[in-house]
Every structure is written in structure tokens, then in C-alpha cells.
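Please read the structure below before turning to the comments.
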Amino acid sequence: MQTIEVNTTVMDFRTEEAFKTLRSNIEFLGDDIKTICVTSCTPNEGKSSISFDLACSFAQNGKKVLLVDADLRRSVMRQRHKKGKVKLGLSNYLVGKTTLDECICVTDVDNLYLIFSGPVPPNPSELLGNARFKDLITDMRASFDMVIVDTAPLGSVIDAAVVAKCCDGAMLVIESGAISYRYARRVKEQLEMSGCRLLGCVLNKVDIQGKKYYGKYYGKYYGKYYGNYEKSE
């Protein structure tokens with residue numbers, strides 16, 4: 001295994017709580033949900049960031065986590081989160097040029113392991129659909145508490161549906177205000193056709209300040225129950 005440092009995200013309170021909520025929601029789905037495919041409708045909706053930060057959240061909660069960068073066409077994981085050189089990745093393993101152990105990176109985040117995508121292959125869908133990838137997911141499911149697989153946007157290419165067949169569930173990341181209901185529904189149907197269970201959707205890039213979600217909801221909630229705390233003292 002390679003040992004690397006990764007760039008982690010500095011979260012504000014709201015974002016950190018959102019990931020804790022997402023993590024808890026997944027945990028409440030049951031112990032049989034151990035391998036999760038993450039995709040989106042289009043590029044730049046934030047699926048890779050969601051995948052990484054969710055993996056870190058599980059790792060910080062004491063779970064042994066493997067994050068697999070299966071976006072073989074246009075990976076952003078290496079540029080955003082890798083420090084230093086990584087020689088081998090998923091595509092190297094899928095073409096039979098290396099062992100799985102040589103592809104796994106031990107990160108400086110406790111309990112977090114990573115497999116980067118590797119060199120861009122000419123046939124990503126075929127590689128992800130071969131027996132080696134299915135065996136990888138099966139083997140890692142037995143070795144890790146949680147396996148999160150970041151995939152290419154399903155609205156653009158079929159890779160995510162191929163990956164989803166091997167996973168216990170799939171999660172769809174949708175950028176707020178950028179994707180139509182019809183488009184999101186079509187991508188959802190593509191996931192369901194793969195036979196994979198859709199665990200839910202993550203609404204990303206929400207303008208919290210502009211829409212005042214927290215002010216309207218939490219302000220009213222906490223004001224009702226705790227607003228008179230100081231007066232009662």
C-alpha cells in the first residue's frame with residue numbers, strides 16, 4: 001500500500017452538521033448498506049466533494065472506509081485531494097497491470113483509505129463492467145466497514161449504472177437550481193434500471209443565506225423552546 005497525505009475540507013458548522021445528518025441517515029438504512037455508488041446528472045454538481053467529505057465523516061466516526069475514485073473519464077479527486085505522487089490507480093488494476101494492494105493508498109486521515117482513478121483508459125465502461133471490478137467491490141466489502149464509489153455523471157455516460165450493479169445502494173447528488181425535475185427523474189430511472197437501490201438524493205450548493213432556510217426553520221424551532229431561557233433564570 002502507498003502512504004499519502006490528502007487535502008481535507010475545512011467545514012463550517014452547518015456543513016459539518018449536514019454531513020453528520022447524511023451519515024446518520026445512511027447508517028439507519030441498515031448494516032447491509034456497505035457499498036455506495038455516488039453519481040450526479042451532469043459534471044460540476046459536486047459529487048466528488050460529497051463523496052470525499054462523506055468518506056471522511058464515516059472515518060472520523062470510527063469506521064474503516066475505502067473511497068474508490070471510479071470516475072475514469074474526468075477525475076477531479078487527484079487534483080483536489082492528493083498531495084505528492086500516486087503511481088497506480090483503479091484503471092491499472094482493472095487492466096491487470098497491478099495488484100489491488102498496490103493501488104490502495106493509506107491516507108493521513110485515520111481510518112480513511114483511497115483508490116485513485118489512475119490513467120484515463122479508452123474503454124471506461126467496459127473496464128468497470130468486467131469481473132475484476134466486481135471482485136474488487138466484493139473483496140473490499142468484506143475488508144472495510146464502508147466503501148464509497150465516486151462515479152462519472154450518469155446523465156452524460158453509463159458508467160455509474162454499471163458500477164451501481166455491484167453496490168448495495170446509490171446516491172444521487174443534485175445541484176440546487178441547476179437541474180430540471182424531468183432530467184433528475186430520467187437519471188433516477190436509469191439508476192433504478194440497473195437494479196441498484198436508490199438510497200436518496202443530496203441537494204448540493206444550496207444558497208443557505210439567500211433562502212434563509214436556517215433562519216425560518218431553526219430560528220422558529222429554537223425560539224419556541226429556548227427563546228425564554230434567559231428570562232426564566
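Points to keep in mind about this one:
- Among the numbered conditions (1) touching a strand residue (DSSP E or B) at 6+ places or on another chain (Cβ under 9 Å); (2) at pLDDT below 95; (3) more than 15 Å from residue 70 (Cβ to Cβ), the only one that residue 116 does not meet is (3).
- Candidate set: region 137-151, residues that are among the aliphatic types (A, V, I, L, M) and in contact with a Leu (Cβ under 7 Å, 6 or more places away or on another chain); chosen: the one surrounded by the most Cβ atoms within 10 Å (Cβ to Cβ): 147
- Checklist (1) in a loop (DSSP other than H, G, I, E, B); (2) surrounded by fewer than 23 Cβ atoms within 10 Å (Cβ to Cβ) applied to residue 71, failing item: (2)
For every residue, the table says whether it meets (1) closer than 21 Å to residue 109 by Cα; (2) of a type in the set (A, V, I, L, M, F, W, C); (3) free of Cβ contacts under 8 Å to residues at least 40 places away in the same chain.
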{"residue": "2", "(1), (2), (3)": "yes, no, no"}
{"residue": "13", "(1), (2), (3)": "yes, yes, yes"}
{"residue": "16", "(1), (2), (3)": "yes, no, yes"}
{"residue": "39", "(1), (2), (3)": "no, no, no"}
{"residue": "43", "(1), (2), (3)": "no, no, no"}
{"residue": "59", "(1), (2), (3)": "yes, yes, no"}
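- Whichever residue in region 74-86 is at pLDDT below 80 and among the charged types (D, E, K, R) and, among such residues, is surrounded by the fewest Cβ atoms within 10 Å (Cβ to Cβ): 85
- Taking the criterion of being buried (at least 16 other Cβ atoms within 10 Å of the Cβ) and either hydroxyl-bearing (Ser, Thr, Tyr) or assigned to a loop (DSSP other than H, G, I, E, B) (or both), the residues of region 1-42 that qualify are 4, 33, 34, 35, 39, 40, 41, 42.
- Looking across region 139-158, just one residue is without any contact (Cβ under 8 Å) to a residue 40 or more places away in the chain and under 18 Å from residue 75 (Cα atoms), and that is 158.
- Subset of region 167-177 that is surrounded by fewer than 22 Cβ atoms within 10 Å (Cβ to Cβ) and in contact (Cβ under 8 Å) with a residue 60 or more places away in the chain - its residue that is farthest from residue 32 (Cα to Cα): 175
- Set side by side, the residues 150, 101, 110 differ, and just one is out of contact with any helix residue (DSSP H, G or I) (no Cβ under 7 Å at 6 or more places or on another chain) and acidic (Asp, Glu), which is 101.
- Being within 19 Å of residue 198 (Cβ to Cβ) and exposed (fewer than 14 other Cβ atoms within 10 Å of the Cβ) is true of residue 180.
- Restricting attention to region 183-200, the residues that are within 20 Å of residue 18 (Cα to Cα) and either among the hydroxyl-bearing types (Ser, Thr, Tyr) or surrounded by 15 or more Cβ atoms within 10 Å (Cβ to Cβ) (or both) add up to 2.
- Hits in region 95-119 - residues which are in a loop (DSSP other than H, G, I, E, B), among the aliphatic types (A, V, I, L, M) and surrounded by fewer than 16 Cβ atoms within 10 Å (Cβ to Cβ): 95
- Condition check for residue 59 on (1) within 14 Å of the chain's Cα centre (by Cα); (2) among the aliphatic types (A, V, I, L, M); (3) at pLDDT below 95: one failure, at (3).
- Flag for residue 28 being in contact with a helix residue (DSSP H, G or I) (Cβ under 7 Å, 6 or more places away or on another chain), among the aromatic types (Phe, Trp, Tyr) and over 18 Å from residue 127 (Cβ atoms): no
The values are calculated or read from the model by the stated rules, or taken from the named source; none is laboratory data. The shown structure was predicted, so the numbers you read here are calculated from the model rather than taken from an experiment. Reconstructed Cβ throughout: ideal geometry from the backbone, glycine too, with neighbour counts over all protein chains shown.
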